[in-house]
Amino acid sequence: MANASPVECAVLRQGRGCFLQLRTKRILATSLFAITWIATVGYGLGALFQNENAPGPVGKASQEWTSTQIVRATDRPTLVMLAHPHCPCTRASIGELAQIMARLRGRVAAYVLLVKPKTAGRDWEDTDLRRSAEAIPGVRVLFDLNGAEARHFGVETSGHTLLFDADGRQLFSGGITASRGHAGDNAGERALVALVNRETPALIRTRVFGCSLANRSETKPPVLCLK
């Protein structure tokens, strides 16, 4: 630089300036990409969390026994779960039902009613959810043609569980998972066990997480659980 001409010095200064500008642009572009990526991931996680914790409609569940398909037990409480056989969220509800039945050891009569449209084929019944429900000792699985029983009971969301006493009075109405598709300890499970054991639960109404049962005659399975 000491022996460089004024022209050479100007060129070198210009080169350094261009290099610094290019470096600054790269840093800004990288930072912008990182900020955009973090925001996108945060939005996705937020949407997922919101969906997991968004309950379905509970409807106006009947306060008295209304089934035309099930013979209610008169010597013990009767539990009924209304479900969509293709609802992914209801797998967790079936898992919780298995835990409940293991704890109650035959002190409750239990049914799972799976909605089935009249026009559905045999493949409609061929689901892991149905097989899981049938594998629970003490649970009887029946199909609810066009959702007639769901309408009688006044429920709208898959996984909605009802408990009636021996006289047909409703003791509990709600879901038995804490969020969509997540098994584990929850208020609904504790309430059912307490009621069958003739104890006072903290709650007798809980939120229900699952697919809608509204379009009961629709043969297209739900793709995902909706609010």
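Would you please name the residue that is nearest to Glu189 (Cα to Cα), looking only at residues in the stretch 113-161 that are outside any loop (DSSP other than H, G, I, E, B) and polar (S, T, N, Q)?
If we take residues in the stretch 113-161 being outside any loop (DSSP other than H, G, I, E, B) and polar (S, T, N, Q), then Thr161 is nearest to Glu189 (Cα to Cα).
Do we find a residue being within 18 Å of Val108 (Cα to Cα) and among the basic types (Lys, Arg) anywhere in the stretch 141-163?
Within the stretch 141-163 (the criterion being within 18 Å of Val108 (Cα to Cα) and among the basic types (Lys, Arg)), the answer is no, since none of the residues qualifies.
Take Leu82 and tell me if it is within 22 Å of Thr68 (Cβ to Cβ) and touching a His at 6+ places or on another chain (Cβ under 6 Å).
For Leu82, the condition - within 22 Å of Thr68 (Cβ to Cβ) and touching a His at 6+ places or on another chain (Cβ under 6 Å) - is met.
Pick from the stretch 81-103 the residues that are among the charged types (D, E, K, R) and surrounded by fewer than 24 Cβ atoms within 10 Å (Cβ to Cβ): which of them is nearest to Ala194 (Cα to Cα)? I'd like the intermediate steps shown before the answer.
Residues of the stretch 81-103 among the charged types (D, E, K, R): 91, 96, 103.
When the remaining residues are screened for being surrounded by fewer than 24 Cβ atoms within 10 Å (Cβ to Cβ), the result is 91, 103.
On the way: Arg91: 23, Arg103: 11 Å.
Filtering the stretch 81-103 for residues that are among the charged types (D, E, K, R) and surrounded by fewer than 24 Cβ atoms within 10 Å (Cβ to Cβ), the one nearest to Ala194 (Cα to Cα) comes out as Arg103.
So which residues in the stretch 104-120 are of a type in the set (Gly, Ala, Ser) and either surrounded by 14 or more Cβ atoms within 10 Å (Cβ to Cβ) or touching a residue at least 40 places away in the same chain (Cβ under 8 Å) (or both), if there are any at all?
Residues satisfying the conditions are Ala109, Ala110, Ala120.
Yes/no per residue for (1) surrounded by fewer than 10 Cβ atoms within 10 Å (Cβ to Cβ); (2) touching a helix residue (DSSP H, G or I) at 6+ places or on another chain (Cβ under 6 Å); (3) at pLDDT below 75:
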site: Leu20; (1), (2), (3): no, no, yes
site: Ile38; (1), (2), (3): no, no, yes
site: Asn53; (1), (2), (3): no, no, yes
site: Ser62; (1), (2), (3): no, yes, no
site: Trp65; (1), (2), (3): no, no, no
site: Ala73; (1), (2), (3): no, no, no
site: Leu79; (1), (2), (3): no, no, no
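Does the stretch 89-112 hold any residues that are assigned to a loop (DSSP other than H, G, I, E, B) and modelled with pLDDT of 95 or more, and which are they? Reasoning before the result, please.
Initially, the stretch 89-112 is screened for residues assigned to a loop (DSSP other than H, G, I, E, B), giving 89, 105-108.
Matches in the stretch 89-112: Arg107, Val108.
Mind checking whether some residue in the stretch 129-138 is more than 23 Å from Leu203 (Cβ to Cβ), of a type in the set (S, T, N, Q) and assigned by TED's automatic domain parsing to the domain that holds Gly106? Outline the logic, then answer.
Residues of the stretch 129-138 more than 23 Å from Leu203 (Cβ to Cβ): 129-138.
Retained after the next criterion (residues that are of a type in the set (S, T, N, Q)): 132.
Remaining after also requiring assigned by TED's automatic domain parsing to the domain that holds Gly106: 132.
There is at least one residue in the stretch 129-138 that is more than 23 Å from Leu203 (Cβ to Cβ), of a type in the set (S, T, N, Q) and assigned by TED's automatic domain parsing to the domain that holds Gly106.
Report yes if Ala214 is part of a loop (DSSP other than H, G, I, E, B), of a type in the set (A, V, I, L, M) and either free of Cβ contacts under 8 Å to residues at least 40 places away in the same chain or farther than 12 Å from Ser93 by Cβ (or both), otherwise no.
In short, yes.
Taking the stretch 185-196 only, how many residues are surrounded by fewer than 18 Cβ atoms within 10 Å (Cβ to Cβ) and either in contact with a Ser or Thr (Cβ under 6 Å, 6 or more places away or on another chain) or in contact (Cβ under 8 Å) with a residue 12 or more places away in the chain (or both)?
Count: 2.
The values are calculated or read from the model by the stated rules, or taken from the named source; none is laboratory data. Computed from a predicted model, the values in this text were never measured in an experiment. Because the Cβ atoms are built from the backbone with ideal geometry, glycine has one as well, and the counts that use them run over all protein chains shown.
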